[in-house]
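Q: To start, I am sharing the structure in question, which I have written as C-alpha cells.
Taken together, the values in this text are just the output of simple stated rules run on the coordinates, not laboratory data. In this text, all values refer to a predicted model and were calculated from it rather than measured experimentally. Note: ideal-geometry Cβ built from the backbone for every residue, glycine included; neighbour counts use all protein chains shown.
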There are 2 protein chains.
Amino acid sequence: MSETTPAPCAPEDVRRVACIGAGVIGGGWAAHFLARGYDVTAWDPAPDAEEKLRRLVAAAWPALEQMGTAEGAAPERLTVAGSLAEAVADADFVQESAPEKLELKRSLLAELTAATRPGVVIASSTSGYPMTDMQTSAGDPGRLVVGHPFNPPYLIPLVEVVGGERTDRAAVDWASRFYKAAGKSVLTMDRELPGFIANRLQEALWREALHMVASGEATVEDIDASITEGPGLRWAFMGPCLTFALAGGEGGMAHMLDHFGPSLKSPWTRLEAPELDRALRDAMVEGCDRAAGDRSYADLVAARDQGVIDVLRATGRLGGTAR
Amino acid sequence: MSETTPAPCAPEDVRRVACIGAGVIGGGWAAHFLARGYDVTAWDPAPDAEEKLRRLVAAAWPALEQMGTAEGAAPERLTVAGSLAEAVADADFVQESAPEKLELKRSLLAELTAATRPGVVIASSTSGYPMTDMQTSAGDPGRLVVGHPFNPPYLIPLVEVVGGERTDRAAVDWASRFYKAAGKSVLTMDRELPGFIANRLQEALWREALHMVASGEATVEDIDASITEGPGLRWAFMGPCLTFALAGGEGGMAHMLDHFGPSLKSPWTRLEAPELDRALRDAMVEGCDRAAGDRSYADLVAARDQGVIDVLRATGRLGGTAR
C-alpha cells in the first residue's frame, strides 16, 4: 500500500523527537518528551514561539518533577530549530501539533514526509481530522498516523492512535509501541472514527450540557458541580461501563441492562440510544466480565470505595464536601 | 398549593432519619446518615433485608471511618423497624429508596405522608420519575421532594433536589439545607427535568458508548480506558465547562467557542448540538468567568495540573501509566 521503509530504529530506541507546532498542545508534548528523557527539537513559525514554548516547559517542569522524570531528563535538552527541515533532520519520531486547519495539515504533513528521514513515523495531534483526509498530499503517506493526546499531554496519559487508508499498519503499531515506551496510555484503533473514542464520549456529554444551558435547564456551575461532585469522582479510576456494572449489584452488567434497559427509551438526554438487542447486551456483559477479571463484586465495590475516598482526599474534599 | 405545616424542626436539628427501602441505595443512605451521627430507622419488606442492610453498613464502615465520622456516630444507632409506620413514627426526615416502579412509588409515598408526623419532609431517591408523577396519590404532597443520590450515597457527595408541581418550595429549601447539614453537595433544581442534571450528562455519554459497542467501533475496555486515562482524570475535580475553557488558552471559553464552535456540526457523537447562538455563547462564557472568579488562566492551569497529579498519585498511577 505504501513504499515506507522500516523505521530507522525500534520504538524503544528513540532518542530525538521533533515537535512541529509549539502551542498549548505541541508545547505540552515537548514538555512530556523532555520529562521522559528525550532530546526534543521544536519548530513553530510564530515569531514569539520560542519564548512561549520555553515558558510553558518551565511552568510545567515542577509538576513533571513531582511525577518523576526519567534519568537525565532536562528542559535544557530542548532545541528550537530555525526551520522545519532543521527540526526534523535528526528526528526518530515527529509529533505534529499545528492548528486545526485541514489545508494547513495537508501541506505540512506533505512537507514533513519530504523532510524527514525515510521510515520515521510522523504523528498528528489532530482532534478532528481523519488521517485519510490529511495524508492526501503526502508523497509517502504510509508512515503518517494520528496520535491524539489530551490536554495537557504531559499529564493526561491517554493517546489515541489510528491510521488513515494509506497508512501502513506497521506505522500504527510502531507509534503505539513508541507512545507506551514514552509513558503514555495507548488506545490503538482499528479504524477511523470521527472524534476517535474519548472525544465522542466527551462530546456527547458536552452537547447535552450546551442544550441544558441553552434551554435554561442548568447553569454552567450546575453542570460542572454535577460532574465533579458526582460521576466524575468515579471516572477518575473506573470507567462508565464498569461503574454501571456495579449499579447492577451482584448481578452486574447483565442485571443492570435487563433491569434498566427500558430507561434507554426515556428522554434522559437528547441522544437517542441504540437498540439494546441481544448482541449489544452480550457485548456489554462480556466486556465487563473481562474488565472485572477474577475480582468479585465485593472486590470491585471495595476498589471503587477506596478509589473515591483517595480521590476525595487527594483533591482536598474530605471533611468538607458541602458546597 | 398545599396544607403542609412547618417541618417539626430546623434542617440542622434533625436527629432521626427514616430510610424506607434498604437495598443498595437505601442501605447506602443509611450508612451515610449513621456516619454523620444520626439515629437511623430502616424498613424494607424483604425477609432478608435486615441481614443485608447490616452487612452493607458493616462493609461500608471502615471506609466511612477513613473519611471521618461525626462524633458519636455508630452503626449501632441503626434500628430496623417491623413496619413502615413504626419506622417513620419518630423520624425528622424520611428518605425513600424503593425499587423504580411508578405505582409502587405512588402508593408508598401516599402511605408515608399518612404515617409521618405533619410537616416532616419526605425525599425520594428516584433516578427516573418526576415527583409530579409520583405524588398523585398522596394526601399531603407539599412535603414530597426528590433527593437523588449517586452510588454509593455514603461516598459520592452529589444529591439533586427538586420538587413536583404540588411540592411546597419550602420543602425543597428545607431538604437542600438538611442535605448540606448532612455533608452532601446539593444541586437544587428550579424545575423538573427528566434525568435531572448529572444523569442527563452521564446518560448522553453512556448512550454514545452503547452506540460504539453496537457498531463495533470500540470495546467496553476501550471506552472505560478512554475515560479513566483521559477526561475522567480532570472531571474528578474540574467540570467539563471549566476544563474546556482552559482548552481555549488565555482566551478561555470565548476563544474556545469562537474557534471550535464549528466542530459542533461535526459527527463526533450521535448527539446533535444546539445552535450556538449569541445567547448560548454568552451564557457559557459568563458561567466560566464566574467559575474562574479571580483566578487567572495561569492559576487555573496550575490548579488543573496539581489536581491531575494528585488524582494520579491517589489512584496509584504515578510512575507506571502505560496500559
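Q: Within the P(r) computed for the range B:147-201, what percentage of the Cα pairs occupies the region above 17 Å? Before the final figure, lay out each step's value.
A: Working: 505 of 1485 pairs.
Summing the P(r) tail past 17 Å for the range B:147-201 gives 34 percent.
Q: Per-residue Cβ counts within 10 Å, from other chains only, averaged over B:285-292: what number is that?
A: Values: counts 1, 2, 8, 3, 1, 3, 6, 0.
If you average over the peptide's residues, the count of other-chain Cβ atoms is 3.
Q: Near residue A:89, within a Cβ-to-Cβ distance under 15 Å, what is the net charge of the other residues, with Lys and Arg +1 and Asp and Glu -1?
A: Working: positive: A:15, A:16, A:117; negative: A:39, A:86, A:90, A:92, A:111.
Its environment carries a net charge of -2.
Q: Please give the FRET efficiency for residue B:71 paired with residue B:282, using the beta carbon to beta carbon distance and R0 = 60 Å, rounded to the nearest 0.05. List each step's numbers first, then the result.
A: Values: r = 47 Å, r/R0 = 0.79.
Once rounded, the FRET efficiency stands at 0.80.
Q: Something else now. Starting from the Cα of residue A:9, step 7 Å toward the Cβ, then list every residue of the range A:76-100 with an amide N under 20 Å from that point.
A: A:76-81, A:85-96
Q: Within chain A, which DSSP H helices have Cα atoms that stretch 15 Å or more along the helix axis and a mean Kyte-Doolittle hydropathy of at least -1.0?
A: Membrane-span-like by this rule: A:24-35, A:49-67, A:102-115, A:169-181, A:198-214, A:278-292, A:297-314.
Q: Give me the net charge of residue B:22's neighbourhood, meaning all other residues with Cβ under 13 Å from the Cβ of residue B:22; Lys, Arg count +1, Asp, Glu -1. Before the final figure, lay out each step's value.
A: Details: positive: B:52, B:54, B:55; negative: B:44, B:48, B:50, B:51, B:96.
Net local charge, residue B:22 excluded: -2.
Q: One-quarter of the Cα convex hull surface for the protein assembly as shown, in nm²?
A: On the way: hull surface 111.5 nm².
The Cα convex hull of the protein assembly as shown, projected and averaged over all directions, gives 27.9 nm².
Q: Give me the percent of DSSP beta bridges within the protein assembly as shown that run antiparallel, rounded to the nearest 5. All intermediate terms of the calculation are to be shown ahead of the outcome.
A: Values: 10 of 56 bridges.
So the antiparallel bridges amount to about 20 percent of the total.
Q: Go ahead and run the numbers for FRET between residue B:107 and residue B:173, Cβ-Cβ distance against an R0 of 22 Å, rounding to 0.05. Walk me through the numbers before you get to the answer.
A: Working: r = 27 Å, r/R0 = 1.23.
Step by step, r from the Cβ atoms, then E = 0.25.
Q: Okay, moving on. Kirkwood hydrodynamic radius of chain B from all distinct Cα pairs, in Å? Walk me through the intermediate numbers first.
A: Values: mean 1/r = 0.0457 Å⁻¹.
In chain B this quantity evaluates to 21.9 Å.
Q: When you take every Cα atom in the range A:211-323, what is the radius of gyration, and what is Dmax, the widest Cα pair distance, in Å?
A: Values for the range A:211-323 (Cα only, Rg and Dmax): 16.3, 46 Å.
Q: Going down the table (A:101/A:265; B:52/B:184; B:105/B:184; A:52/A:184; A:184/A:265; B:52/B:101), which pairs top 27 Å between alpha carbons?
A: Numbers: A:101/A:265 38 Å; B:52/B:184 24 Å; B:105/B:184 24 Å; A:52/A:184 24 Å; A:184/A:265 38 Å; B:52/B:101 21 Å.
Cα-Cα > 27 Å for A:101/A:265; A:184/A:265; rest within.
Q: Here is a further query. Take A:116, A:188 and order them by how many other Cβ atoms sit within 10 Å, fewest up front.
A: Details: A:116 26, A:188 19.
With the sparsest Cβ surroundings first, the list reads A:188, A:116.
Q: Among A:165, B:100, A:275, what is the fewest-to-most ranking by other Cβ atoms within 10 Å? Could you put the intermediate results ahead of the total?
A: Values: A:165 14, B:100 17, A:275 9.
In order of increasing Cβ crowding within 10 Å: A:275, A:165, B:100.
Q: Further, regarding this structure: Let's test the formula: R0 of 35 Å, r as the Cβ-Cβ distance of residue A:215 and residue B:181. What FRET efficiency results, to the nearest 0.05? Each step should come with its number before you reach the end.
A: Numbers: r = 32 Å, r/R0 = 0.91.
Efficiency computed from Cβ-Cβ geometry: 0.65.
Q: Can you work out the PRE-style zone for residue A:318? Point 7 Å along Cα to Cβ, and I want the residues of the range A:232-256 with backbone N under 18 Å.
A: A:233-234, A:236-237
Q: Among A:196, A:260, which comes first, second and so on when ranked by fewest other beta-carbon atoms within 10 Å? Don't skip to the answer; put the middle values down first.
A: Values: A:196 26, A:260 17.
Arranged by neighbour count, lowest to highest, A:196, A:260 become A:260, A:196.
Q: What three numbers, in Å, describe the spread of the alpha carbons of the range B:11-188 along their principal axes, ordered from the longest?
A: Its Cα atoms span 41, 34, 27 Å along the three principal axes.
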